[in-house]
Amino acid sequence: MSPEKNESTAAEKTLTNDVREEKTGNETGHEAILTASHVTKQFPASGGRTLKACNDINLTVYRGRTLGIVGESGCGKSTFVKMIVQMFQPTEGQILFDGKDITKLKGEELRQSRKKIQMVFQDPAAAFSPKMKIIDIITEPLMNFKLIKRSEREAKAKELLRMVELPEDFIYRYPHNMSGGQRQRVGIARALALEPEIIVCDEATSALDVSVQDRIIELLVKLQKEKGISFVFICHDMALVQSFAHQVAVMYLGNIVETLPGNEVATNAQHPYTQAMLGAIFSTKMDFTKKIESIESEAPSPVDTPPGCPFQNRCDRCMEICKKEKPSLKTIGKGHEVACHLF
Ligand code: SF4
């Protein structure tokens, strides 16, 4: 039976799930594999204005660990990971991977570095050609890099499907003959084909049913343990990210406003935006006689960011200084930074 047919009934997303092997979010003692320093990305906007998608981002990915990046749509998290996989060039800053600034690589060196950082997309149905069979989809990167011969494709495709717990005979199926969860497993198999050191998952589970999401996360955790892969997991679902990410970075309007160990999100998040997101998590265990928390008003446009704190118009603890001075990230604990004038 295929994994998606064997799912448990609707699993509830709460802050209690935890599939990390180690319950510590402390990254001390782990090797840094990718470091983004002062990364900024701006796009030209109408009327000669500038859209500030990412502002001075500093983040580190550790070998064999998961960095979760969470925030609302439009907060800049997808733009940031597109710079990691070199789909966008930063406007400023550097991204060091294996000791080299990958933003400066060109030609064959750039092509070779792309092998080591692969991406899994939100919608595998859109990412795959509907005319290609699964064998062609998952062995295409290997053929492009001339790493296998045509005669070796079938064995390699079966091996990759086994890794993602799909039946070997799926290699001759088309994507439209599979469920959403099965297609996402194929997306992961394709990302694994080149034996990357980092896999970036851009909302990779957001389009799936909740019970299927849980099975995909369990698969990622298992692959991480077996192969030592680092994951950068982009998501707007705080409850899901904190259940398995070792470190969580919270983004708001192009800025990192808080970073903290994943296992401290539920108990020790300090930034008013992170706390507001936690308050808005839906659970069937909620007391429905009380008002459900929500974050009031809209985020400002990234083209017209106000001076001072980017969260000021939605923050119920806003002070005079918040309207004038932008808070910088300050360390307030082990692996815990907050950008807020309250600290
Ligand atoms: Fe709220 Fe001020 Fe902190 Fe911004 S700096 S989150 S406005 S208290």
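The values are calculated or read from the model by the stated rules, or taken from the named source; none is laboratory data. Just so it is clear, the structure is predicted and the values come from calculations on it, not from any experiment. Positions of Cβ are backbone-derived with ideal geometry, glycine not excepted, and every protein chain shown enters the neighbour counts. To get the accessible areas, we keep the full protein, side chains included, count just its heavy atoms, and leave off ligands, DNA and RNA. Shrake-Rupley method; radii C 1.70, N 1.55, O 1.52, S 1.80 Å.
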>> Condition first: part of a loop (DSSP other than H, G, I, E, B) and farther than 16 Å from residue 251 by Cα. Now tell me which residues in region 309-334 satisfy that.
In response: 316, 317, 318, 319, 324, 325, 334
> Within region 80-96, can you find the residues that are open to solvent by 10 Å² or more (accessible area, probe 1.4 Å) and modelled with pLDDT under 95?
Replying inline: 82, 85, 86, 87, 88, 89
>> If residue 130 satisfies all but one of (1) open to solvent by less than 60 Å² (accessible area, probe 1.4 Å); (2) over 19 Å from residue 194 (Cβ atoms), what's the number of the condition it fails?
In response: (1)
> When residues of region 306-343 are filtered for being within 12 Å of the ligand (Cβ to nearest atom) and under 27 Å from residue 263 (Cα atoms), how many remain?
Replying inline: 17
> Counting only residues that are modelled with pLDDT of 80 or more, buried (at least 16 other Cβ atoms within 10 Å of the Cβ) and either β-branched (Val, Ile, Thr) or within 16 Å of the ligand (Cβ to nearest atom) (or both), how many does region 276-305 have?
Replying inline: 4
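Condition check ((1) over 14 Å from residue 256 (Cα atoms); (2) part of a strand (DSSP E or B)) across all residues:
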residue	(1), (2)
75	no, no
88	yes, no
93	yes, yes
112	yes, no
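Name the one entry in 51, 110, 105 that is over 23 Å from residue 221 (Cβ atoms), at pLDDT below 95, open to solvent by less than 60 Å² (accessible area, probe 1.4 Å) and in contact with a helix residue (DSSP H, G or I) (Cβ under 6 Å, 6 or more places away or on another chain). Step through it out loud before you land on a result.
On the way: 51 fails: in contact with a helix residue (DSSP H, G or I) (Cβ under 6 Å, 6 or more places away or on another chain); 110 fails: in contact with a helix residue (DSSP H, G or I) (Cβ under 6 Å, 6 or more places away or on another chain).
None of the other options fit; the residue is 105.
Consider residue 120 carefully, then state whether it is closer than 30 Å to residue 237 by Cα, in contact with a strand residue (DSSP E or B) (Cβ under 7 Å, 6 or more places away or on another chain) and either open to solvent by 90 Å² or more (accessible area, probe 1.4 Å) or among the hydrophobic types (A, V, I, L, M, F, W, C) (or both). Spell out how you get there, then give the answer.
On the way: closer than 30 Å to residue 237 by Cα: yes; in contact with a strand residue (DSSP E or B) (Cβ under 7 Å, 6 or more places away or on another chain): yes; either open to solvent by 90 Å² or more (accessible area, probe 1.4 Å) or among the hydrophobic types (A, V, I, L, M, F, W, C) (or both): yes.
The answer is yes for residue 120.
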> Of all helices (runs of 4 or more DSSP H) completely enclosed by region 168-268, which ones contain at least 3 residues that are over 16 Å from the mean Cα position of the chain (by Cα) and among the charged types (D, E, K, R)?
Replying inline: 180-192, 210-227
